[in-house]
Number of protein chains: 2
Amino acid sequence: VTRIALDAMGGDFAPSAPVSGALRALRELDEQHVVQLVGRADDLERELAAHGDIAARQRHRIGIVDAPDVVTMSDRPTAVLRGKPNNSMAVGLRLHADGRSDAFVSAGNTGAQMAASAMLLKLHPGLTRPAIATVFPTAGRSLVFLDAGANVDCSARELVQFAWLGATYAETVLRRDNPRIGLLSIGEESEKGNAVVKEANALFRAAGFNFVGNVEGRDIPRGEGAAGRIDVVVCDGFVGNAILKFYEAVMPMLLAILRRHAGVNESHVSEALAEFDKSRYGAAPLLGVRGVSMICHGNSDPNAVAVAIKDAVQAAESGMNEMMGSRLAAVAGEAQRTPNHSAA
Amino acid sequence: VTRIALDAMGGDFAPSAPVSGALRALRELDEQHVVQLVGRADDLERELAAHGDIAARQRHRIGIVDAPDVVTMSDRPTAVLRGKPNNSMAVGLRLHADGRSDAFVSAGNTGAQMAASAMLLKLHPGLTRPAIATVFPTAGRSLVFLDAGANVDCSARELVQFAWLGATYAETVLRRDNPRIGLLSIGEESEKGNAVVKEANALFRAAGFNFVGNVEGRDIPRGEGAAGRIDVVVCDGFVGNAILKFYEAVMPMLLAILRRHAGVNESHVSEALAEFDKSRYGAAPLLGVRGVSMICHGNSDPNAVAVAIKDAVQAAESGMNEMMGSRLAAVAGEAQRTPNHSAA
């Protein structure tokens, strides 16, 4: 049995979209998967009742975990745990931390989810920060892109940590063999980049993962750079967030332009671009925490929630968390045994 | 008469593409516009002769300026001026600096063009660095995006300088009234961003241009953010270069996906997206130098060169250079009269 704790109060359309999304995911998943709806029990029972028979048929695979406190968008992320300890996010993450759940999914406040995940699940050894990863569609295979916005000012050592996180995710969840890591820069040559990236390039070459060199912005949609195929692209969260948001907005803009053009069959174009549909790539894993914490867009619809639940199942069953723990422990041990020649 | 000095030896397809591009531009421009082809005179005469009557009809509007030294991609940008003083880039820029030409266009080494432009044309008062601007197509009107890669590590004060450069370009060349300036960040709130952007936000609010606030990656393709329409987006050259290259690669990737889909009429899609054709937005002005220095892609074809020449004419005739000089002198004078409360 794999149990997914779902923050049923998180997101712009809660609790309706999470509950509908859970029902959709359960219909598509095997019988041994269950969803724990976390939120105000009364509201959730009422929401389930509104789905009638559809909900009744899945009721044996749905748990309801009461979380009476409700967090709003105006609550400060860091204050949430202190002021409203029984909010749905905290209750869901505690379920997971206590081993009563195998993964956590939320469309609530991203900052709150990051802070609460780090505090309640804890970080793997040797890490200073968690990172948000996204799986990017490309012309070839998808790639793991991180950090997508958790960390705006990063040191070169933090970029190395992100590379290990991305590599382990690609290996376990995407089943890539010896994943190929690229460092985002403004030229493929090692000496290109800003100060942090130049330092990171040297650390990446010595780190022990499969570093294929610097990659450029153009290599992301292509899925490959000068050194060939890329499985993971590493950058700081400022650049990552800017590129990710840019990407999400390019598609609607292009569709709007195509729509204005008489000769273009809109439904064919939409169909062809379905693989870029945001909701199909809507859930971003928060990497570095002990466990599985999946971040959904605040505006997630039931389909996006269902995709996120299935992604959470896949991550929970992939062995990602165990692999990350043992690998980072080994890297941290290695660092202690060798002189830290990069410290000031 | 407006005279455009064209580096006829610069770019992957030189001298063929520059010469063909010059002929194409001359056919489309008014009679009073002339092009000065800068390069090895013998090669250029031969190239023109190959165009037969087409070239002969424009010959009275074409100057040939001999530049016997040839720079290769392996020459270091900074060494070019010392080791090969009579290369086409240096000769062309000197023509412009001496007032014997009104603008300079090149598809040669971008780093060399930046260094040579700054050295030979000099910077406007108060500037520490030039910036590369690009004109971005959006769902609405185009916007000026800078820095696109000239400066990888920028201070908050340099971002302020870029804002003035972009504002003046938008006002004079794009004819935008009181251009609306956005600062690229990861949230619209003033306190969002990395350390440099947070400091820049405070400086932008006090600077005197029309600052509409932080904008996000998603606002670039939309051409507008939470505070409405945007004419100029300012960021450092690392982020700018990553986003620009990313954007350039998204379109071919989408077309490849659409092409694989049976129901999509490829020629209609290509036609609808023609406004995104790279060569139509191929020339990037190097802003901050005294004069007009237009940077083309190394792989520019004759069409891209022709567009760049017409862009150079427009910039030269717009009064951009004079406006930039007087505005930056005023800003620099203002800074001297008021206490520098941001210095450490």
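To test your reading of the geometry: what angle, between 0 and 90 degrees and rounded to tens, separates the Cα axis of helix A:320-337 from the longest principal axis of chain A? Helix A:320-337 and the main axis of chain A meet at about 30 degrees. One chain, two ends: residue A:265 and residue A:53. Fully extended at 0.36 nm per residue, the span grows by 72.5 nm beyond their Cα-Cα distance. Lysine pairs in chain A whose alpha-carbon atoms fall under 29 angstrom of each other, counting only those eight or more residues apart or on distinct chains, come to 9. For residue B:139, the residues whose modelled amide H falls within less than 5 Å of its own, excluding neighbours fewer than 5 places apart on the same chain, are B:222, B:223. For chain B, the square roots of the Cα gyration tensor eigenvalues, ordered a ≥ b ≥ c, give a/c of at least 1.5 with a/b no greater than b/c, which places it in the oblate category. Largest GNM mean-square fluctuation across A:206, A:107, A:332, computed for chain A with C-alpha springs under 10 Å, falls on A:206. Within 10 Å of the Cβ of each residue in A:151-159, the mean number of Cβ atoms contributed by other protein chains is 2. Taking chain A as a Gaussian network of alpha-carbon nodes connected by springs under 10 Å, the highest mean-square fluctuation of the residues A:290, A:175, A:229 belongs to A:175.
Rg over Rh for region B:69-194 works out to 1.02, using Cα positions for both radii and the Kirkwood form for Rh.
Counting Lys and Arg as +1 and Asp and Glu as -1, each charge on the Cβ, what is the dipole of chain B about the Cα centre in debye, to the nearest 20?
300
DSSP loop trypsin sites (Lys or Arg not before Pro) in region A:55-116 with at most 14 other Cβ atoms within 10 Å of their Cβ, which ones?
A:100
If a/c stays under 1.5 just call it rounded; otherwise compare a/b with b/c (prolate if a/b is bigger, oblate if not). Do that for region B:127-195, with a ≥ b ≥ c from the square roots of the Cα gyration tensor eigenvalues. Taking the square roots of the gyration eigenvalues as a ≥ b ≥ c, region B:127-195 is oblate.
Restricting region A:158-224 to GluC sites (Glu not before Pro) that sit in a DSSP loop and have at most 11 other Cβ atoms within 10 Å of their own Cβ leaves A:191. The B-A contact accounts for approximately 4100 Å² of buried accessible area, totalled over both chains at a 1.4 Å probe radius.
Near residue B:176, the amide H atoms lying under 5 Å from its own belong to B:171; only residues 5 or more places off or on other chains count, and H is placed 1.01 Å from N. Legend: calculated FRET efficiency, residue A:46 to residue A:141, from the Cβ-Cβ distance at R0 = 41 Å, rounded to 0.05, equals 0.40. Here the spin labels are modelled as points 7 Å beyond Cα on the Cα-Cβ line, and at residue A:16 and residue B:98 they lie 7.4 nm apart. Take each residue in B:212-221, count the other chain C-beta atoms within 10 Å of its C-beta, and the mean is 5.
Accessible area ranking (1.4 Å probe, heavy atoms, ligands and nucleic acids excluded), largest first, for B:323, B:119, B:89: B:119, B:323, B:89.
Between residue B:65 and B:37, B:38, B:39, the built amide H atoms are under 5 Å apart, and every one of these is 5 or more places off in sequence or on another chain. I need the calculated FRET efficiency for the pair residue B:28 and residue B:119, taking r as the beta carbon distance and R₀ as 45 Å, to the nearest 0.05. With a Förster radius of 45 Å, E is 0.90.
Any idea what the alpha-carbon Rg over 2.2 N^0.38 Å comes to for the protein assembly as shown?
1.05
I want to make sure I understand the PRE zone here: with the label point 7 angstrom from the Cα of residue B:195 toward its beta carbon, which residues in region A:176-201 have backbone N atoms less than 12 Å away? Residues A:196 qualify, since their backbone N sits under 12 Å from the label point. Could you work out what % of the accessible surface of chain A is carbon and sulfur, using a 1.4 angstrom probe and leaving DNA, RNA and ligands out of the count? Percent of accessible area from carbon and sulfur atoms in chain A: 49. Accessible surface area normalised per residue over the protein assembly as shown is 40 Å², counting heavy atoms of protein chains with a 1.4 Å rolling probe. I want to verify a result. In a Gaussian network model of chain B, Cα cutoff 10 Å, which of these has the top mean-square fluctuation: B:308, B:49, B:150? Of the options given, B:49 has the highest mean-square fluctuation. In this simple spin-label approximation, residue A:226 and residue A:202 carry label points 7 Å from Cα along the Cα→Cβ vector, and these lie 2.0 nm apart. For helix A:195-207, report the angle its Cα long axis makes with the longest principal axis of the Cα atoms of chain A; keep it between 0 and 90° and round to the nearest 10°. Between the helix axis and the principal axis of chain A, the angle is about 90 degrees.
The values are calculated or read from the model by the stated rules, or taken from the named source; none is laboratory data. As the structure is a computational prediction, the values presented were derived from the model and not from experiment. Note that each Cβ is placed from the backbone with ideal geometry, even for glycine, and that neighbours are counted across all protein chains shown. Protein only, heavy atoms only, side chains kept; ligands, DNA and RNA dropped before computing areas. Shrake-Rupley method; radii C 1.70, N 1.55, O 1.52, S 1.80 Å.
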